Structure formats: C-alpha cells, structure tokens
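**Q** Below you'll find the structure I mean.
The values are calculated or read from the model by the stated rules, or taken from the named source; none is laboratory data. These numbers come from a predicted model, not from an experiment. When we count neighbours, we look across all protein chains shown, and the Cβ atoms used for this are built from the backbone with ideal geometry, even at glycine. Surface accessibility is based on the protein's heavy atoms, side chains included, excluding ligands, DNA and RNA. Shrake-Rupley method; radii C 1.70, N 1.55, O 1.52, S 1.80 Å.
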Amino acid sequence: ENIRIENLEVFSPKNDGIDFMESSAFVQNLRVYGSKDKAISVGENSNVIVRDSEFLNNEIGIAVKDKSNVKIYNSIFENNQYQIAGYAKNWRYSGGGQVEVFKTKFLSKNQNKFITANDPGSSEDKKNNSLVQNSKIFIYDSMIEGKILTEGKNISVK
C-alpha cells in the first residue's frame, strides 16, 4: 500500500524494470531503458499512477493485467516493441486491466503497438484461450508520432 517511487533510472534489466503485484503505487520521474521484458509490469489487482516518466527501447513499455488499473500522465514512450499491453494472465482475476493515458508522447521509428488481445510475450502454444481478454487502453490528448498498430479490442485514441 502507498508505495512511492521517484527519480529512479533503470538501465537494461534482464527482466522487468519494476513489477507491481497487489499494490497501490505512485511513480514519478522514472526512466527505464532497454528492458528485455516490461519497463513496468502491473498485475494482480494493482492501482498505479505514473507521472513524468520515460520508457525507451523496452520489449513492453507498460503491461497492465489481471484487474489492475494504471493512469499515466505527461510521459514518453519511445521505440518500445509494444508501447502498452493490457491482458489477462492469471485466471484468478477473471479479466485483464485498464490503462488511461493523458498528455503523453508515443514515438516510434517503426510502429506504435498497443495490444489487448493477449500476452505478447507468450508463444502461440502457451496461450490460454480460457482467459477473458477484456483489457482497455484509453489514450487522451496525447501525441503519437509514427504508425499506430492495434491488436485486440477496447483500444481508443482520442
């Protein structure tokens, strides 16, 4: 409860930069570069607010799953394989997560990918088709530079 992370830089983690489970957290001025998995992983009914942060060259910028909620403000996502991913991973939570993004920049030399269809890190033969993939990604008043690719439902860019 009431976790606060400020002014942290994480360089080239071999897995997740930060992993929240059953947490309530506030993150400000976080910079995660080159994560081999997620810059931030938010799961298991967590609630996280992210402000003024940067996610650069990670496999996934932010992943939200298993009834978790994330609000992102004034941040930058640049050249992540997936900018934001929302999905169900654990059957105990009966569904995915929700992300709301405000006044944030998404930059990509290739494609700005957003996914709610499944866990982009799972191979086809490991995907659990019984999971309810009902995640939501809402992007408001933000700048997207480069092509947009969406996979799944409930992805809105306004």
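**Q** Can you pull out the residues in the stretch 103-136 that are of a type outside the set (Lys, Arg) and under 15 Å from Asp66 (Cβ atoms)? If you could, list the steps in order and put the result at the bottom.
**A** Let us first name the residues in the stretch 103-136 that are of a type outside the set (Lys, Arg), namely 104, 106-108, 110-112, 114-125, 128-135.
Thr116, Asn118, Asp119, Gly121, Ser122, Asn128, Ser130, Leu131, Val132, Gln133, Asn134, Ser135, listed by residue number.
**Q** Out of Gly96, Gly86, Gly121, I need the residue that is within 26 Å of Val10 (Cβ to Cβ), touching a Gly at 6+ places or on another chain (Cβ under 9 Å), not in a strand (DSSP E or B) and not β-branched (Val, Ile, Thr). Which one?
**A** On the way: Gly86 fails: not in a strand (DSSP E or B); Gly121 fails: touching a Gly at 6+ places or on another chain (Cβ under 9 Å).
Matching residue, one of Gly96, Gly86, Gly121: Gly96.
**Q** I've got another one for you. Could you count how many residues in the stretch 18-28 are open to solvent by less than 50 Å² (accessible area, probe 1.4 Å), of a type outside the set (Phe, Trp, Tyr) and in contact with a Lys or Arg (Cβ under 8 Å, 6 or more places away or on another chain)? Can you show your working first?
**A** Applying the first criterion (open to solvent by less than 50 Å² (accessible area, probe 1.4 Å)) to the stretch 18-28 yields 18, 20, 23-28.
With the extra rule that they be of a type outside the set (Phe, Trp, Tyr), the set shrinks to 18, 23-25, 27-28.
This time we only want the ones that are in contact with a Lys or Arg (Cβ under 8 Å, 6 or more places away or on another chain), so: 25, 27-28.
Total satisfying the criteria: 3.
**Q** Continuing with this model, one more query. Identify, please: which residue in the stretch 135-158 is over 16 Å from the mean Cα position of the chain (by Cα) and part of a loop (DSSP other than H, G, I, E, B) and is, among those, surrounded by the most Cβ atoms within 10 Å (Cβ to Cβ)?
**A** Asp141
**Q** Listed residues Lys136, Lys158; which is at pLDDT 95 or above and either over 17 Å from Tyr73 (Cα atoms) or touching a strand residue (DSSP E or B) at 6+ places or on another chain (Cβ under 7 Å) (or both)? First the steps, then the outcome.
**A** Numbers: Lys158 fails: at pLDDT 95 or above.
None of the other options fit; the residue is Lys136.
**Q** Here is a further query. Within the stretch 112-129, which residues are exposed (fewer than 15 other Cβ atoms within 10 Å of the Cβ) and either more than 19 Å from Glu44 (Cβ to Cβ) or at pLDDT 95 or above (or both)?
**A** Passing the criteria: Ser123, Glu124, Asp125, Lys126, Lys127, Asn129.
**Q** Quickly run through the stretch 38-76 and pick out the residues that are under 25 Å from Gly95 (Cβ atoms) and open to solvent by 40 Å² or more (accessible area, probe 1.4 Å).
**A** Answer for the stretch 38-76, where residues must be under 25 Å from Gly95 (Cβ atoms) and open to solvent by 40 Å² or more (accessible area, probe 1.4 Å): Glu44, Asn45, Asn47, Ile49, Glu59, Lys67, Asn69, Lys71, Tyr73.
**Q** On to the next question. I'm told Val132 meets every condition in (1) in contact with a Gly (Cβ under 9 Å, 6 or more places away or on another chain); (2) surrounded by 15 or more Cβ atoms within 10 Å (Cβ to Cβ) except one. Can you identify the failing condition by its number?
**A** Single failed check for Val132: (2).
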